[in-house]
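Readers should treat all values here as calculations from the given coordinates under stated rules, not as data from a laboratory. This one's a predicted model, so the numbers in the text were calculated from it and none came from an experiment. Cβ: placed from backbone, ideal geometry, glycine included. Neighbour counts: every protein chain shown.
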Amino acid sequence: MPGASGAHITLLGLGAMGSALAQKVHEAGYRTTVWNRTPARAAALARQGAHATEDLREAIHASPVVIACLLDHASVHEALDPVADALRGRALINVTTTSPNESREIGTWARENDIDYLDGGIMAVPSMIGNPGAAILYSGSAKVFEEHRSLLNLWADATYYGEDAGMASLYDLAMLSGMYVMFAGFMHGAAMVGSENVSASEFAAKAVPFLRAMVDEMPGYAKTIDDGDYAGPGQQSLEFSDLTHIVTASQEQGVSSAPIAMVQELIRRQLDAGYGREGFARIYESLRNGPERKVCA
């Protein structure tokens with residue numbers, strides 16, 4: 001049964017994520033052409049009725065919209081530079097993981113080759129595609145985003161971040177940064193109590209409710225940062241937030257203090273700059289601009 005729009009899509013790259021994306025649109029009834037550098041990876045989709053081809057130009061010519069889900073920035077150019085003329089006048093939706101500037105560079109390349117470009121950052125693992133909780137962030141061509149919104153929403157909640165092709169990647173990587181640092185902090189805590197034979201599962205049962213409650217503090221920190229008012233009432237001072245005791249406890253337990261020592265260094269920069277009485281959110285300035293020496297009247 002054809003998709004709601006009767007659309008034909010081409011998907012380039014059949015790793016775990018590319019295969020999940022292709023599977024979802026094929027199940028939705030879109031006429032689907034797939035290409036992969038290693039042809040054997042297309043076999044399962046071909047058995048289900050997708051058109052698999054080893055000819056990249058043929059794959060591109062099959063559809064007005066081409067989705068690229070490749071290994072990295074270099075692989076996008078390696079695959080697409082030789083067939084840029086075939087992509088001319090088509091929509092290219094690139095969900096390959098790239099840095100913001102790499103995304104912008106591909107966007108510039110696309111404009112120079114008359115390709116309508118939309119960049120995507122996938123906030124999901126392959127098993128989440130098409131299921132609640134999955135999100136894909138997009139930036140670049142508003143026209144492509146609007147025209148293919150129904151397709152994009154098949155995969156995940158689709159959000160548009162503007163014409164700058166690098167913004168989706170920037171948001172994607174910024175949110176992943178928060179996730180990985182949170183996980184590293186949890187694992188550091190698990191290692192600390194693990195030094196006394198407490199299981200990670202037992203620690204998680206105690207830590208997860210606390211961490212959930214702490215997440216609710218983020219909007220307050222965000223407002224403090226946006227207002228630039230690190231000395232406002234109700235904030236925990238940097239002097240009070242000194243984490244030397246956590247670093248010391250880690251070392252005493254024979255555990256690497258690397259995750260918490262990184263935070264302590266951000267605090268220390270602001271303490272050294274004379275901001276000890278201001279709030280913890282001020283470490284944002286250590287990250288953004290480096291320490292600034294406080295000027296006393």
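Going by how many other beta carbons lie within 10 Å of each one, how would you line up Arg31, Arg282, Arg277, fewest first? Don't skip to the answer; put the middle values down first.
Numbers: Arg31 18, Arg282 26, Arg277 14.
The fewest-first ordering by Cβ neighbours comes to Arg277, Arg31, Arg282.
List every residue whose amide H lies under 5 Å from the amide H of Leu11, counting only residues 5 or more places away in sequence or on a different chain, with H placed 1.01 Å from N in the peptide plane.
Under 5 Å from the amide H of Leu11 lie the amide H atoms of Thr33, Val34, Trp35, Ile67, each far enough along the sequence or on another chain.
Using alpha carbons only, how many angstrom separate the centre of region 29-83 from the centre of region 120-152?
So the separation of the two Cα centres works out to 18 Å.
Rounded to whole Hz and in sequence order, give me ³J(HN,Hα) for region 195-207 from the Karplus expression 6.51 cos²θ - 1.76 cosθ + 1.60, θ = phi - 60°, writing x for Gly and Pro.
So the Karplus estimates, Gly and Pro as x, are 5, 10, 6, 8, 6, 4, 5, 5, 5, 4, 4, 8, 7 Hz.
Highest first, please rank the peptides 223-230, 120-127 by the mean number of other Cβ atoms sitting within 10 Å of their residues. Walk me through the numbers before you get to the answer.
Values: 223-230: 14.2, 120-127: 19.2.
Packing proxy ranking, top to bottom: 120-127, 223-230.
With θ set to phi - 60°, apply the Karplus curve 6.51 cos²θ - 1.76 cosθ + 1.60 along region 158-172 and write out the HN-Hα couplings as whole Hz, x wherever there is a Gly or Pro.
With coefficients 6.51, -1.76 and 1.60, one gets 9, 10, 9, 10, x, 6, 5, 4, x, 5, 4, 4, 4, 4, 4 Hz.
Taking 2.2 N^0.38 Å as the expected size of a compact globular protein, what ratio does the Cα radius of gyration of region 1-160 give against it, to two decimals? Write out the running numbers ahead of the final one.
Values: Rg = 14.1 Å, N = 160, 2.2 N^0.38 = 15.1 Å.
In units of the 2.2 N^0.38 Å rule of thumb, it is 0.93.
Could you go through region 143-150 in sequence order and give the Karplus-derived ³J(HN,Hα) for each residue, using 6.51 cos²θ - 1.76 cosθ + 1.60 with θ = phi - 60°, rounded to whole Hz, and x for Gly and Pro?
So the Karplus estimates, Gly and Pro as x, are 4, 5, 4, 5, 5, 10, 4, 5 Hz.
Taking the Cα centre as origin and putting +1 on Lys and Arg beta-carbons and -1 on Asp and Glu beta-carbons, what dipole magnitude results for region 99-141, to the nearest 20 debye? Before the final figure, lay out each step's value.
Values: 2 positive and 6 negative charges, 42 e Å.
Charge dipole, region 99-141, about its Cα centre: 200 debye, nearest 20.
How big, in percent, is the set of alpha carbon pairs in region 141-297 lying more than 29 Å apart? Can you show the working numbers first?
Values: 4556 of 12246 pairs.
The answer is 37 percent, as a whole percent.
What is the magnitude of the charge dipole of region 139-231 about its Cα centre, with +1 placed on the Cβ of each Lys and Arg, -1 on the Cβ of each Asp and Glu, and no other charges, expressed in debye to the nearest 20? Mind dumping the intermediate values first?
Values: 5 positive and 13 negative charges, 61 e Å.
Roughly 300 debye for region 139-231.
Three principal axis extents, largest first, for the C-alpha atoms of the chain, in Å?
Result for the chain: principal-axis Cα extents of 66, 51, 32 Å.
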